[in-house]
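Here is the structure we will look at.
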Amino acid sequence: MRKKISRGLVLVLAVCMLTGTAGCGTKQEKNALEITNVSYDPTRELYASYNELFKKYYEEKTGQQVTISQSHGGSGSQARSVVEGNDADVVTLALAHDITLIEEAGLIEPGWLSEFDRNSSPYTSTIVFLVRKGNEKQIRDWEDLTKDGVGVITPDPKSSGGACWNFLAAWHYADRLYGGDEAQMRQFVHDLYQNVLVMDSGARGATTTFVENGQGDVLIAWENEALLTVKEYPDDYEIVTPSVSILAEPSVAIVDENVEKNGTAELAKDYLEYLYSEEAQQLIGENFYRPSDEKVLSQFGDVFDLSVNLCSIDDFGGWDQAYADFFTDDAIFDQIME
Amino acid sequence: MGKKHVIPGFGMTLGTTVSFLCLLILIPLASILARSFQMSAQEFMALITRPNVAQAFRTSIGCSLIAALINTGFGFILAWTLVKYEFPGKALMDGMIELPLAMPTAVAGITLTKLYSDQGMFGKALGRLGIKVSYTRLGIIVAMVFVGIPFVVRSVQPVLEKLSPCYEEAAAMLGASKLYIVRRVLLPELLPALLTGFGLALSRGIGEYGSVIYISGNSAKEGTQVVSYVIMQKLNAGNVDYEGAAAIALVLLLVSFFMLLVINLLQRFTSQRTKF
């Protein structure tokens, strides 16, 4: 009897191991060069066109063909998937902090932030307002979002990294308005978040709520997402750039541990370095991200409002500090929501 | 042991069952347990009794109870109609019952939100009556009813099919009123199946994520955050908090397990009563 049970177990285990090793086999047998880029949600269109550009460039340079697999999702959960074993060669995520998470797991060597130019940020973006055509509620700046009767749509900072930037930009505005008087600043963001009608779990969900379900008067959004929406529905929406906003520096890095295993170190480095070339920077601008190359950026003066006053995460003492001060349990965000 | 089984393959099938259970259910559940035990008892209690966490438990359990009750009522009527009557399009309708299981829950959630928002088809009409559905607890119940209905129908249907009409006929001939037949003849037979359906729909509702998060609006202020959302907050946020997520998940598991246990006991009790 017992023998029979163990025979059954052995069979099941054998099947599991066979399927397991079969999975490994396909990865090792690859001949063509292949890399995986794990990225976040709104870069879908950007990397679809950049990958084509890079393939052409790489073939001309080395005569070799490359296959690039793309993966998109919420930045935080994408980082988590790499930590948990997703075989990414490069990561191109929304925040430096998400990459730090992978670094802490030992997959990326410290010092990655200075491996590429400009804090390893080949493009930047900022937070703007998307309003319905005509801007009936006369929304011009952050202050207008705190007025009675204005419906605001922004995702939940406690579940969406992007939403933290929205909050910090508002906080920065209040800081300048009240000259650092914290009681008044808290009141300001309290009033603003009292006007939030729906708090989605992520930026894409918030866009759906505002655009598809017609909720609210203003969506606090990434500039690239807002520009994309206006391009799709030019008659329905317009963009308002506030006087003050925050500079978001999406970061890129090589996943050292994985490229060593996959033998793709050179290719991964080329892939990320080429993002800084003039052609790529041009493409980045066309996809509504702000090119980090000043010269190329200035050509897009009619697309981006370059007069906006931008603070950066360093003004909040870095991401870890900002997160601890504002978004952990019982920190400022929880307090003003009570 | 030593007893010979008449049907061959007992060792093989039991081996498969045990390894399957281990790989897919027991080991993952044990790892949740292990994770949440990395917290101290004090931290654990502090987290579980936080106002937003406690409110999320109330919302999840309350809404899924109401949704499961609605589903039990309507699921019974649906199953009754599909079994007892013949009408054109019956096979099609029967197939449609399972669609909520096949559809990605996020798609269902986004669609329901749009329909029931104050700009949507149903939401506009309901709004005139002063009823708000999307972004309220009512919306959560609507989504849970949607995902839970197949469980009740599919639990009740086979029992109804097998139930011979001779009992009803005998009762009628002995002079029982229609209401009395339903109450004393049909319901006792169906009660175990209804309880199973209720339990399945309930547990589906308590853990539901995809279809609920879009329609709920996730407002801590309005009490529309569900437990699965609070767990995802712990995992998505800037600093991933595995222990916190595992601790909340553990309590959720215990609550569900306890409720299912009660339902199973009730079911055993009722099915014994109707055994001849």
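The values are calculated or read from the model by the stated rules, or taken from the named source; none is laboratory data. Just so it is clear, the structure is predicted and the values come from calculations on it, not from any experiment. As a convention, Cβ positions derive from the backbone with ideal geometry for all residues, glycine included, and neighbour counts pool all protein chains shown.
A few remarks follow.
- Residue check, B:Gly62 modelled with pLDDT of 90 or more, over 19 Å from B:Ser256 (Cα atoms) and more than 14 Å from chain A (Cβ to nearest Cβ): no
- Condition broken by A:Val150, with the remaining ones in (1) assigned to a helix (DSSP H, G or I); (2) over 19 Å from A:Asn309 (Cα atoms); (3) modelled with pLDDT of 95 or more satisfied: (1)
- Subset of the range B:200-217 (residues that are within 22 Å of B:Ser271 (Cβ to Cβ) and buried (at least 23 other Cβ atoms within 10 Å of the Cβ)): B:Ala201, B:Leu202
- Filtering A:Ala48, A:Ala79, A:Ala94 for residues that are out of contact with any Asp or Glu (no Cβ under 8 Å at 6 or more places or on another chain), within 12 Å of chain B (Cβ to nearest Cβ), at pLDDT 80 or above and closer than 30 Å to A:Leu227 by Cα leaves a single hit, A:Ala94.
- A:Ser245 vs. criteria out of contact with any Lys or Arg (no Cβ under 7 Å at 6 or more places or on another chain), surrounded by 22 or more Cβ atoms within 10 Å (Cβ to Cβ), modelled with pLDDT under 90 and hydroxyl-bearing (Ser, Thr, Tyr): no
Table: residues versus (1) within 13 Å of another protein chain (Cβ to nearest Cβ); (2) among the β-branched types (Val, Ile, Thr).
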position: B:Cys22; (1), (2): yes, no
position: B:Ile32; (1), (2): no, yes
position: B:Ser36; (1), (2): no, no
position: B:Asn52; (1), (2): yes, no
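- Within the range A:216-251, if we keep just the residues that are more than 21 Å from A:Gly205 (Cα to Cα) and of a type in the set (Asp, Glu), the residue that is farthest from the chain's Cα centre (by Cα) turns out to be A:Asp235.
- Helices (runs of 4 or more DSSP H) lying entirely in the range B:163-269 (those with 3 or more residues that are within 14 Å of chain A (Cβ to nearest Cβ) and aliphatic (A, V, I, L, M)): B:210-216, B:227-236
- Per-region count, the range A:248-299, residues more than 21 Å from A:Val66 (Cβ to Cβ), crowded, with 19+ Cβ neighbours inside 10 Å and of a type in the set (S, T, N, Q): 2
- Taken over the range B:155-213, the criterion of being free of Cβ contacts under 8 Å to residues at least 40 places away in the same chain and of a type in the set (Gly, Ala, Ser) is satisfied by B:Ser164, B:Ala170, B:Ala171, B:Ala172, B:Gly175, B:Ala176, B:Ser177, B:Ala193.
- Scanning the range A:126-167 for residues that are polar (S, T, N, Q) and buried (at least 24 other Cβ atoms within 10 Å of the Cβ) yields A:Thr154, A:Ser159, A:Ser160, A:Asn166.
- Residues of the range A:280-327 classified as under 20 Å from the mean Cα position of the chain (by Cα), acidic (Asp, Glu) and more than 14 Å from every other protein chain (Cβ to nearest Cβ), total: 4
- Yes/no for B:Tyr167 being at pLDDT 90 or above and touching a helix residue (DSSP H, G or I) at 6+ places or on another chain (Cβ under 8 Å): no
- Test for A:Phe327: is it assigned by TED's automatic domain parsing to the domain that holds A:Arg140, closer than 30 Å to A:Asn166 by Cα and in contact with a Lys or Arg (Cβ under 8 Å, 6 or more places away or on another chain): yes
- Options B:Thr81, B:Thr72: the member that is surrounded by 11 or more Cβ atoms within 10 Å (Cβ to Cβ), out of contact with any helix residue (DSSP H, G or I) (no Cβ under 6 Å at 6 or more places or on another chain), more than 14 Å from chain A (Cβ to nearest Cβ) and closer than 30 Å to B:Val159 by Cβ: B:Thr81
- Which numbered condition B:Ser31 fails, given (1) part of a loop (DSSP other than H, G, I, E, B); (2) under 25 Å from the mean Cα position of the chain (by Cα): (1)
- Test for A:Val189: is it surrounded by fewer than 19 Cβ atoms within 10 Å (Cβ to Cβ), more than 14 Å from every other protein chain (Cβ to nearest Cβ), touching a residue at least 24 places away in the same chain (Cβ under 8 Å) and of a type in the set (Val, Ile, Thr): no
- Across the range A:196-228, the number of residues qualifying as touching a residue at least 40 places away in the same chain (Cβ under 8 Å), within 14 Å of another protein chain (Cβ to nearest Cβ) and in contact with a helix residue (DSSP H, G or I) (Cβ under 6 Å, 6 or more places away or on another chain) comes to 7.
- Odd one out for A:Asp181 among (1) more than 14 Å from chain B (Cβ to nearest Cβ); (2) crowded, with 16+ Cβ neighbours inside 10 Å: (2)
- With respect to (1) of a type in the set (Val, Ile, Thr); (2) free of Cβ contacts under 8 Å to residues at least 40 places away in the same chain; (3) within 18 Å of A:Ala221 (Cα to Cα), the lone exception for A:Ile139 is condition (2).
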